[in-house]
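Since the structure comes first, as structure tokens, the remarks are kept for the end.
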Amino acid sequence: AQCHTCEKGGNAKQGPPLWGVIGRTAGTYDGFGYSEANKNSGILWSDKHMFEYLINPKKYMPGTKMVFAGIKKEKERADLCAYLNNASSV
């Protein structure tokens, strides 16, 4: 992927690695330059937060640096959340 890696030990790219993101506090991956909005959001990433965030990241977290239009289709967001859960536990 161009923006993120999902494997354990993956490197930061345009965005932080997503392995282990579910259960991680937003803006806390060492070595990635998060926006103040992300660092100060207080979000503990869960399926619920991720599902809503993925609709429109800039609306869910005003000030985020994430350049992503979002995923409007519920099934696609649910599938991505399931993938991230699996990628976080393998």
**Request:** Under 1.5 on a/c is rounded, so check that first for region 1-51, then, if it is not, pick prolate when a/b is larger than b/c and oblate when it is not; a ≥ b ≥ c are the square roots of the alpha carbon gyration tensor eigenvalues.
**Result:** oblate
**Message:** How large a share of the accessible area of region 1-61, in percent, is made up of carbon and sulfur atoms when the probe is 1.4 Å and the other protein chains stay in place?
**Reply:** 52
**Asked** How much FRET efficiency would the formula 1/(1 + (r/R0)^6) give for R24 and N86, where r is the Cβ-Cβ distance and R0 is 22 Å, rounded to 0.05?
**Response** 0.90
**Gyration tensor (alpha-carbon) shape descriptor, the chain, a/c threshold 1.5** = rounded
**Prompt:** Using a Förster distance of 35 Å, how high is the FRET efficiency between S35 and K73, based on the Cβ-Cβ distance and rounded to 0.05?
**Reply:** 0.85
**Message:** Over region 25-90, what is the relative contact order in percent, taking alpha-carbon pairs closer than 8 angstrom and at least six residues apart?
**Reply:** 27
**Message:** Given the options I71, Q14, F51, identify the residue whose Cα lies farthest towards the positive end of the charge dipole of the chain (+1 on Cβ of Lys, Arg; -1 on Cβ of Asp, Glu).
**Reply:** I71
**Message:** Over the chain, with the other protein chains present, what is the accessible area per residue in square angstrom, probe 1.4 angstrom?
**Reply:** 62
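The values are calculated or read from the model by the stated rules, or taken from the named source; none is laboratory data. Remember, it's a predicted structure, so these values are computed and weren't measured experimentally. When we count neighbours, we look across all protein chains shown, and the Cβ atoms used for this are built from the backbone with ideal geometry, even at glycine. Quick note on the areas: whole protein, heavy atoms, side chains included, nothing else; ligands and nucleic acids left out. Shrake-Rupley method; radii C 1.70, N 1.55, O 1.52, S 1.80 Å.
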